1. Taking every DSSP beta bridge that has both residues in the range A:160-274, what percent is antiparallel when rounded to the nearest 5?
2. With 21 Å as the limit, write out which pairs from B:Lys43/B:Lys102; A:Lys3/A:Lys96; A:Lys10/B:Lys78; A:Lys10/B:Lys98; A:Lys99/B:Lys74 have Cα-Cα distances beyond it, or answer none.
3. Can you give the extra length, in nm with one decimal, that the chain gains between A:Glu205 and A:Gln5 once fully stretched, where that is 0.36 nm per residue apart less the Cα-Cα distance?
4. Lys and Arg at +1, Asp and Glu at -1: add these up for the other residues within a Cβ distance under 12 Å of A:Ala136 and post the number.
5. As an exercise, identify the trypsin sites (Lys or Arg not before Pro) in the range A:91-140 lying in DSSP coil whose Cβ has no more than 14 other Cβ atoms within 10 Å.
6. Determine which residues of the range A:240-279 fall in the zone a paramagnetic label at A:Gln169 would reach in this model, i.e. backbone nitrogen under 17 Å from the point 7 Å along Cα→Cβ.
7. Classify the range B:28-109 as rounded, prolate or oblate from the Cα gyration tensor: take a ≥ b ≥ c as the square roots of its eigenvalues, call it rounded if a/c is under 1.5, otherwise prolate when a/b beats b/c and oblate if not.
8. Give the cross-link partners of A:Lys9 among the aspartates and glutamates, using a straight C-alpha distance below 13 Å as the criterion and excluding same-chain residues fewer than 8 apart.
Amino acid sequence: MPKLQEMAKKEAAFSSGHRLCAGCPVPIFTKMLTRVTDYDIVVGSATGCLEVASSIFPYSAWKVPWIHTAFENAAAMMSGVETLHKVHRRKNKTDKKIKCVAIGGDGGTYDIGIQSLSAAMERGHDLLYICYDNGAYMNTGIQRSGATPLGAATTTTPVGTVVAGKQQQRKDLTRIMIAHHIPYVAQASIHNPVDLSNKIKKGIEIDGPAFLNILSPCIPGWRIAPDMAVELAGLGAETCFWPLYEVEDQNFKVNYEPKKKLPVTDWLFTQGRFRHLRDAKWSHLVQDFQTRVDQQWDWLLGRQAATK
Amino acid sequence: MKDKYRLKKWQELPPGGVITEGGNAADYETGTWRTWRPVWEEKNCIHCLTCWVFCPEGAFLLRDGKTPSGKDRKEIRKIDYFYCKGCGLCVRECPVNKKGAKEVIQFVREET
């Protein structure tokens, strides 16, 4: 893969010695940030695993300018940084062009930060927002979020004899962002580094707001072995739970179509948080899950055919 | 070593608790977390860099090398056990390991 060889020549934005869990795949994309583009970047993180584990005092794992902010305003803060840079350029204080990247987890993006994200995208700041979706508030101890899939066991949606995990379907943030009609929206996953690096590069270099949603399995939250993260992300794409696609100016492009679409149970039953669904008692939940995944996949293929 | 990990007194810290150097987490040893150790052997390695791109710790160190046809490329040099947390992603994702006939990265129990 020549692309990896090119990336290997550059220095990573993220150093070793950070304290994310063993096997956590989040650094796979944070290391890529400077490797894929020639622009200088500024990164802002919302509260979350990445922010907490990368900046334990007196250490910082970031080799690029980095700002930490609260859950709800990562996008608002980075729009401020971007506007300041624009003013500096207009007043000829600098002739350099920097790019802004905001990173948030799914709690800080799907739930708490969605209004500042929506507003930043609507105002049209030149900004890439990356959401790494691990499907719950993993940093504070696995509480349910808007991204938690149906039936998942978390500490706030425990499994009992009457209730089997989360009772609601997850929301589809990527589609909400598509509805903002911004220049670039994409959904990626950490198991495919070439596709992922292409999308990060496009998102950073495009002029205008961009949004990237990355599936990032969580070792303790999904109750999986530390070496399973990449494999489960791959299964997410194979079962079409997490289709890899990008939308450029409302033109849909599916980046990966599995030759044979696997049933969603292949993905569910490799995770400890769904193990109760093996019970025949909850088979209607698995069916609901499958129906939703099929609907989404059909919708996506339909959109792709319509915009070709 | 001991001196390095002792907590600093407040007089020794920069005003405001500012971290003056970017990327200084590299001074922190995460290798002590490890219970299993990946062992990389060059013999069967095809230098595809899959382990390097997936390693969350950046523990795979690279060197300049040449392809069999003489082109410049980056190659795996060694695993840095100062950072390796022993998650085993490299062992599972190595394409040579996946084929099953040969093994490039072995996973062995850490000696205590």
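We did not get these values from a lab; they are worked out from the coordinates using the rules stated. Being a predicted model, the structure only gives us computed values, none of them experimental. Here the Cβ positions follow ideal geometry from the backbone for every residue, glycine too, while neighbour counts run over all protein chains shown.
1. Bridges in the range A:160-274 are about 55 percent antiparallel.
2. A:Lys3/A:Lys96; A:Lys10/B:Lys98; A:Lys99/B:Lys74
3. Length gained, A:Glu205 through A:Gln5: 70.0 nm.
4. Numbers: positive: A:Arg144, A:Lys166, A:Arg170, A:Arg223, A:Arg273; negative: A:Asp106, A:Asp111, A:Asp133.
With Lys, Arg at +1 and Asp, Glu at -1, the neighbours total +2.
5. A:Lys91, A:Lys93, A:Lys96, A:Lys97
6. A:240-243, A:264-265
7. Oblate, because a/c is 1.5 or more while a/b does not exceed b/c.
8. Within reach: A:Asp38, B:Asp64, B:Asp72, B:Glu75.
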